[in-house]
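Asks: Once you've had a glance at the structure underneath, I'll fire off some questions.
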Amino acid sequence: MTRLGLAAKRLSLFDYWLLVKRMTETPSPSTKPLTKWMKFVLRFVAVFNVLAGLFMLIGYHETYKIIGMDKPAINFPIQLVGILVGLFGVGYYLVAKNPIENRNVLALGFWSKLLGSCLGTGYVLLGKLPPQFIAVYFFADLIYLPPFYLIMRRLYALAKERDAD
């Protein structure tokens, strides 16, 4: 029993397999493009990106302090990245509102998060960025890759079905 008095159910590997299968199966034409969790993820990451972009644009001094880097003489690069991060946030909101038509924005976001994480890892391994920078791109990028992949898979399958009709 848990603190709330509810029995905690242990999921078997089969239960996990069924759960993943339900989350990734190709939807029928009558199915809504996004499930509740997918909309939540897209809306959450939209707000997160807009706020993170604003922070990089306006609070760039604190950004450098957080990741343990010396502030460069020119702040333009971090501010430009902030603008792009914020625009991706708007794009994720558009995907949540009109998923099939805006699925390519999600694909761009997926590849941006994947490649940006690879670049960050390279700089950490070369010693050009401090190791605590890993936490920055883990929580800003890496954790979104699996849900983005599942959402993209669903949206592209729906688009393929729609175009076949």
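The values are calculated or read from the model by the stated rules, or taken from the named source; none is laboratory data. The structure presented is a predicted model; accordingly, all values stated were derived computationally and were not measured. Note: ideal-geometry Cβ built from the backbone for every residue, glycine included; neighbour counts use all protein chains shown.
Asks: I need the full set of residues from the stretch 101-135 which are more than 17 Å from ALA46 (Cα to Cα) and among the β-branched types (Val, Ile, Thr), in order please.
Replies: Once the filter is applied, which keeps residues that are more than 17 Å from ALA46 (Cα to Cα) and among the β-branched types (Val, Ile, Thr), the stretch 101-135 yields THR121, VAL124, ILE134.
Asks: Here's another thing I want to ask about it. Enumerate the helices (runs of 4 or more DSSP H) found wholly within the stretch 49-165, keeping only those where 3 or more residues are modelled with pLDDT of 95 or more and either touching a Lys or Arg at 6+ places or on another chain (Cβ under 9 Å) or of a type outside the set (A, V, I, L, M, F, W, C) (or both).
Replies: 76-97, 103-125, 145-164
Asks: Pairs needed: first member in the stretch 113-142, over 15 Å from GLY68 (Cβ atoms) and free of Cβ contacts under 8 Å to residues at least 60 places away in the same chain; second member anywhere, among the aromatic types (Phe, Trp, Tyr) and crowded, with 16+ Cβ neighbours inside 10 Å; C-beta distance under 6 Å; at least 6 residues apart or different chains.
Replies: LYS113/TYR144; SER117/TYR137
Asks: Sticking with this structure for a sec: Assess whether TYR123 counts as being under 30 Å from GLU62 (Cα atoms) and in contact with a helix residue (DSSP H, G or I) (Cβ under 7 Å, 6 or more places away or on another chain).
Replies: no
Asks: Pull up the stretch 141-165, narrow it to residues that are under 16 Å from the mean Cα position of the chain (by Cα) and among the hydroxyl-bearing types (Ser, Thr, Tyr), then point me to the one that is surrounded by the fewest Cβ atoms within 10 Å (Cβ to Cβ).
Replies: Selected residue: TYR149.
Asks: Does the stretch 37-58 contain at least one residue that is among the hydrophobic types (A, V, I, L, M, F, W, C) and in contact with a Leu (Cβ under 8 Å, 6 or more places away or on another chain)?
Replies: Yes, the conditions are met somewhere in the stretch 37-58.
Asks: Tell me which of these LYS65 doesn't satisfy, since it passes every other one: (1) on the phi < 0 side of the Ramachandran plot; (2) in contact with a Pro (Cβ under 8 Å, 6 or more places away or on another chain).
Replies: Just one mismatch for LYS65, condition (2).
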